[in-house]
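Trainee: Right, I'll just put the structure down here and ask away after.
The values are calculated or read from the model by the stated rules, or taken from the named source; none is laboratory data. Quick caveat: nothing in here was measured; it's all calculated off a predicted structure. Don't worry about glycine lacking a Cβ; one is built from the backbone with ideal geometry, like all the others, and counts go over all protein chains shown. Note: accessible area is taken over every heavy atom of the protein model, side chains too, but ligands, DNA and RNA are not part of it. Shrake-Rupley method; radii C 1.70, N 1.55, O 1.52, S 1.80 Å.
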Amino acid sequence: PDPGPFDAVMAGSLNALRALRRRSGFTPDWFSKRLYAVGPGTAAAARDAGWIDIVTGTGGMQDLARQIEADGLGAGFFAHLRGVHIRHDPADLLPEASIVPVVLYEAHALDGLTLPVLEALERGAVFGVVFYSARTAEIFLRAVAQGGLVCDFSRVHALCIAPAVLE
């Protein structure tokens with residue numbers, strides 16, 4: 001969409017900003033808007049993409065919505081840079097705001113884990129698993145079950161990018 005009428009831009013994920021960098025059509029006008037980034041990694045990607053006026057959240061859309069309210073933009077007009085799948089829709093958190101979703105990517109789950117990964121899990125040779133979203137954690141656990149493994153995860157670290165993912 002044309003960035004002109006938006007009060008600000010929200011970025012709910014690092015991947016949205018990575019996808020944005022690969023797209024044409026985002027003119028310098030976009031980068032003149034204030035960007036609300038869900039967390040520090042997303043804020044860093046926004047700086048790399050060209051944004052200057054960035055408000056960094058603590059890692060969850062609920063906290064970002066509270067910050068937007070505190071800034072007096074609870075009834076603002078926003079572009080929300082996002083993927084197809086989101087955990088918390090800011091439209092639910094900011095009911096007075098007008099939010100236009102700008103879907104930039106879709107993450108697809110693999111069919112399953114490879115045999116070397118399954119064997120490493122079974123041997124207890126995996127130190128940690130990185131989770132970028134609650135959805136990736138669910139997909140991982142489903143892939144382990146589909147692989148027929150019953151694993152002891154007590155010594156495997158869940159490396160989560162945000163508190164919401166840890167939940």
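Trainee: What number of residues in the range 145-167 are under 14 Å from VAL117 (Cα atoms) and either touching a Cys at 6+ places or on another chain (Cβ under 6 Å) or outside any helix (DSSP H, G or I) (or both)?
Mentor: 6
Trainee: Further question: Check GLY57, GLY76, GLY83 and return the single one that is surrounded by 16 or more Cβ atoms within 10 Å (Cβ to Cβ), closer than 20 Å to ARG18 by Cα, of a type outside the set (Lys, Arg) and touching a residue at least 24 places away in the same chain (Cβ under 8 Å). Show your work before the answer.
Mentor: Numbers: GLY57 fails: touching a residue at least 24 places away in the same chain (Cβ under 8 Å); GLY76 fails: closer than 20 Å to ARG18 by Cα.
One residue alone meets the criteria, GLY83.
Trainee: Among the residues of the range 90-103, write down those that are within 16 Å of the chain's Cα centre (by Cα) and more than 17 Å from ALA8 (Cβ to Cβ).
Mentor: Passing the criteria: only VAL103.
Trainee: I would also like to ask the following. Just checking, how many residues over the range 125-144 are assigned to a helix (DSSP H, G or I) and either in contact with an Asp or Glu (Cβ under 9 Å, 6 or more places away or on another chain) or charged (D, E, K, R) (or both)?
Mentor: Narrowing the range 125-144 to residues assigned to a helix (DSSP H, G or I): 134-144.
Subsequent filtering for residues that are either in contact with an Asp or Glu (Cβ under 9 Å, 6 or more places away or on another chain) or charged (D, E, K, R) (or both) retains 134-135, 138, 142-143.
Number of matching residues: 5.
Trainee: Moving on. Under 9 Å between Cβ atoms, which residue pairs at least 6 apart in sequence (or on different chains) link something in the range 117-132 that is more than 29 Å from PRO40 (Cβ to Cβ) with a partner that is among the basic types (Lys, Arg) and not in a strand (DSSP E or B)?
Mentor: GLY124/ARG155
Trainee: Does any residue of the range 27-41 turn out to be under 22 Å from SER133 (Cβ atoms) and of a type in the set (Lys, Arg)?
Mentor: First pass over the range 27-41, keeping only residues under 22 Å from SER133 (Cβ atoms): 35-41.
Pick out the ones that are also of a type in the set (Lys, Arg) and you get none.
No - not one qualifying residue is present in the range 27-41.
Trainee: Let me ask something additional. Can you pull out the residues in the range 104-117 that are touching a helix residue (DSSP H, G or I) at 6+ places or on another chain (Cβ under 8 Å) and at pLDDT 85 or above?
Mentor: LEU104, TYR105, LEU113
Trainee: Could you say which residue among ALA65, ALA70 is open to solvent by less than 20 Å² (accessible area, probe 1.4 Å) and either of a type outside the set (Asp, Glu) or closer than 21 Å to ARG135 by Cβ (or both)?
Mentor: None of the others qualify; the one that does is ALA65.
Here is a yes/no grid of residues against (1) surrounded by fewer than 16 Cβ atoms within 10 Å (Cβ to Cβ); (2) assigned to a helix (DSSP H, G or I):
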site	(1), (2)
ASP2	yes, no
PRO5	yes, no
VAL9	no, no
LEU20	no, yes
PHE26	no, no
ASP29	yes, yes
TYR36	no, no
ASP48	yes, yes
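Trainee: Select from the range 14-53 the residues that are among the hydroxyl-bearing types (Ser, Thr, Tyr) and modelled with pLDDT of 85 or more and write down the one among them that is farthest from the chain's Cα centre (by Cα).
Mentor: Filtering the range 14-53 for residues that are among the hydroxyl-bearing types (Ser, Thr, Tyr) and modelled with pLDDT of 85 or more, the one farthest from the chain's Cα centre (by Cα) comes out as SER32.
Trainee: Follow-up question, since we're still on this one. For the range 99-117, which residues satisfy the criterion of being open to solvent by less than 60 Å² (accessible area, probe 1.4 Å) and under 25 Å from ALA79 (Cβ atoms)?
Mentor: ILE99, VAL100, VAL102, LEU104, TYR105, ALA107
Trainee: Of the residues PRO95, PRO40, which is more than 21 Å from VAL165 (Cβ to Cβ) and open to solvent by 10 Å² or more (accessible area, probe 1.4 Å)? Walk me through it before giving the result.
Mentor: Numbers: PRO40 fails: more than 21 Å from VAL165 (Cβ to Cβ).
None of the other options fit; the residue is PRO95.
Trainee: Next question. For the range 118-135, give me the residue count where each residue is within 22 Å of ILE161 (Cβ to Cβ) and either in contact with a Pro (Cβ under 8 Å, 6 or more places away or on another chain) or surrounded by 17 or more Cβ atoms within 10 Å (Cβ to Cβ) (or both).
Mentor: 5
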